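The structure appears below as structure tokens.
The values are calculated or read from the model by the stated rules, or taken from the named source; none is laboratory data. Since we're looking at a predicted model, the values are computed, not measured. Here Cβ is always computed from backbone atoms with ideal geometry, including for glycine, and neighbour counts include all displayed protein chains. The area values use the complete protein model at the heavy-atom level, side chains included, leaving out ligands, DNA and RNA. Shrake-Rupley method; radii C 1.70, N 1.55, O 1.52, S 1.80 Å.
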Amino acid sequence: MAPSAPRTRAAAALHMKQIALDNQDRTIRCLRAQLATERRGLAVTKKELKETQVALEASHKVIAGLTEIGLSMSKKIENMKVKKQLVKANHVECHQKFQARIHEAEDSMQAQHLLIEALVDEKDSLLQSIHDLQEANNAPAPFDGDWEEEPEEEPEEIEDIPLGEGEIDDE
């Protein structure tokens with residue numbers, strides 16, 4: 001029984017590393033889905049910004065046209081000036097809000113990209129560790145069907161990790 005103990009530990013270590021890789025793969029898929037969602041949201045935001053700019057430019061043209069025609073009553077001219085100032089203020093406010101949303105989305109995408117890169121690096125490291133363990137134990141590659149049969153033991157229960165907000169369940 002003593003000679004199979006290291007092999008059992010190595011198999012368990014490989015199994016745990018495979019579980020970690022599977023979890024990281026799931027996380028990467030989730031983050032990629034979130035990144036795609038963020039990109040779609042950014043595209044919609046940019047489209048809304050463009051539509052707002054076109055609408056505001058049209059509003060500015062209407063205001064300029066009415067000003068050029070010249071209204072005879074000074075009260076109407078004053079009202080037009082006030083409206084024009086409000087439109088400009090709203091334009092600036094909307095522009096700032098859209099710029100802030102675009103900046104947030106870009107920051108989020110950059111952070112997610114960095115996280116994905118870190119997870120990919122970690123995955124590569126884990127794969128290398130598995131490979132090194134296999135070489136150290138002269139073990140065959142996993143899942144090649146050449147594993148020795150070991151006496152069955154009751155497997156430990158592995159608790160499911162609950163999904164947090166924003167994660168995708170691929171099952």
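Examine the stretch 63-71 for a residue that is modelled with pLDDT of 90 or more, surrounded by 13 or more Cβ atoms within 10 Å (Cβ to Cβ), of a type in the set (S, T, N, Q) and more than 30 Å from L119 (Cβ to Cβ), and state whether such a residue exists.
No, that holds for no residue.
Residue under question is S59, and the condition is that it be surrounded by 14 or more Cβ atoms within 10 Å (Cβ to Cβ) and polar (S, T, N, Q); does it hold?
yes
Looking at this structure, is V82 farther than 15 Å from E48 by Cβ and touching a helix residue (DSSP H, G or I) at 6+ places or on another chain (Cβ under 6 Å)?
In short, no.
Give me the pairs, please: first residue somewhere in the stretch 41-53 and under 20 Å from N90 (Cα atoms), second residue anywhere and part of a helix (DSSP H, G or I) and aliphatic (A, V, I, L, M), beta-carbon distance under 7 Å, and either six or more positions apart or on two chains.
T45/I102; T45/A105; K46/I102
If L127 meets every condition in (1) open to solvent by 50 Å² or more (accessible area, probe 1.4 Å); (2) part of a helix (DSSP H, G or I); (3) over 18 Å from I19 (Cα atoms) apart from one, which number is that one?
With respect to (1) open to solvent by 50 Å² or more (accessible area, probe 1.4 Å); (2) part of a helix (DSSP H, G or I); (3) over 18 Å from I19 (Cα atoms), L127 is out only on (3).
So, of the residues in the stretch 85-130 that are of a type in the set (D, E) and over 20 Å from the mean Cα position of the chain (by Cα), which turns out to be nearest to Q53 (Cα to Cα)?
Step by step, filter the stretch 85-130, then rank; the result is E93.
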